[in-house]
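Visitor: One structure follows; several queries about it will come next.
Taken together, the values in this text are just the output of simple stated rules run on the coordinates, not laboratory data. Keep in mind that this is a model prediction, so the values were computed, not measured. Cβ placement follows ideal geometry from the backbone for every residue including glycine, while neighbour counts extend to all protein chains displayed.
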Amino acid sequence: MSRLLMAATAARLQSGMSGSGKLLFNATRYLSAGKKAPPPPPKAPPPKASKPSTAPKCKPVPPPKPKPGFFPSGGMHAVFSDLPKPEGDFMKEWSAKNSKYSMFMLSGLLALIGSIYLSYMTLELYAGVPEYPYTEEEKEEFEIEEERLQEEKEAREQRHQDAVEAREVAMRARLAKEAMVRESELMNKDMEGGLDDKEAAELQKLAVEREAYAEWEKEEAKRREEKLKEREQIAKEKAKVKAERDKERDKKRKEREKLLEKEEAEREKAREKARKEREKSRKEEEKVKAQEKAEKEKAKKALTA
C-alpha cells in the first residue's frame, strides 16, 4: 500500500514539473519573436460612493466595570496598564486652572482690604489702651504703690545677695577650720617623729592656704564695712529723695485742696447769687401781683360806685 502511495506522488510531481516547463518555454518563445505583450485586462469600474446613512450611530460601549477586588486589567494586582493615561494639553489645562485660582486669590485679597478699610473708617478696633480718667489722688496712690513694690523688690534682692555671700563665707570658714585641724595634726606629728616628703608638702600647702584665708578674711571684713557704708549712703539718699517727693506731693495736695476750696467758694457764691436773684424776682412778681390786685379792686369799686 505504501508503495502505491509513493508511486502516485512521484507521478503527480512529474506532471506538475512538465506543465511548468511548457509554460516557461512558450513565454520565452513569445518574447524572442518580438511580439507585443497582450493588453492588460480592463479594470473594473470603481464602486459608487454610498450615501451616508441617516441611521443613528451606536454609542461607544464603555468598558465593563471590574469586579470588586479586581483591577481593570483583570488581575488582583495593579499593573502599568491600570494607571491613568494623560490626555490633552497639560499647559493649557494648567494655565486655565491657575488663572481661575489667581482670580479667587485676588478677589479674596481685595475683599479683605476693603473690609479692613471699612472697619477702620466706621468701627472702633480698640487697637490701643484708652486713657482712663484717673483723678490726681488715684494717680498719686498708684505712684506710691509702685514705689513700695520697687522698694520691696530691692530689699528682696539685697537679702538674697546677703544670703549668698553668707553661705560662701560659711563654706570657706568651714574649709579653713578643717585645714587648721589637719595642719595641727601634721605639726604634732612633726614634733613627735617627723614627716615624710608628701606630708611636709601638704603642711606647707596648708600654711599657705591659712595665710591666704586670713588675708581674704581681712579683705572680706573691709569689703563688708564699705558695702554697709555704701548701703547706708544709698538709704540716706533714697530717704532724702522720698522726703522731697513727699514734700512735693503734700504741696500739690495742698494746692489741689486750695483749688477745690476756691472752686467750692465760687460755686457757693454763684448759688447765693442765684438764690438772691430768685428771691428778688419772686418779690418783684409778688409786687406786680399786688399792684394788679389793687388795680382790680379799684376798678371793681369804681364799677360798683
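Visitor: Among residues other than residue 143 whose Cβ falls under 12 Å from its Cβ, what is the net charge (Lys/Arg +1, Asp/Glu -1)?
Guide: With Lys, Arg at +1 and Asp, Glu at -1, the neighbours total -4.
Visitor: Grab the Cα-Cα distance for residue 221 and residue 82, subtract it from 0.36 nm times how many residues apart they are, and report the gain in nm with one decimal.
Guide: 40.8 nm
Visitor: Expected output is a single nm value to one decimal: the length gained when fully extending between residue 196 and residue 93, i.e. 0.36 nm times separation in residues minus the C-alpha distance. What is it?
Guide: So the extension gain works out to 27.3 nm.
Visitor: Determine the equivalent ellipsoid of segment 163-286 by diagonalising the alpha-carbon gyration tensor, then write out the semi-axes as square roots of 5 times the eigenvalues, largest first, rounded to whole Å.
Guide: Over the Cα atoms of segment 163-286, the ellipsoid semi-axes are 87, 12, 7 Å.
Visitor: Something else about it: How much length is gained if the chain between residue 112 and residue 172 is pulled fully straight, taking 0.36 nm per residue apart and subtracting their Cα-Cα distance, in nm to one decimal?
Guide: Between residue 112 and residue 172, full extension yields an extra 14.7 nm.
Visitor: Give, rounded to the nearest 20 debye, the magnitude of the charge dipole that segment 174-251 has about its Cα centre when Lys and Arg contribute +1 at Cβ and Asp and Glu contribute -1 at Cβ.
Guide: Here the size comes out at about 1140 debye.
Visitor: Quick check: net charge around residue 209, other residues with Cβ under 13 Å of its Cβ, Lys/Arg +1 and Asp/Glu -1?
Guide: Counting the neighbours of residue 209, the net charge comes to -1.
Visitor: Among the listed pairs 276/296; 139/254; 139/251; 177/218; 153/247; 153/238, give every one whose C-alpha distance is greater than 18 Å.
Guide: The pairs that break the limit, which is 18 Å between Cα atoms, are 276/296; 153/247.
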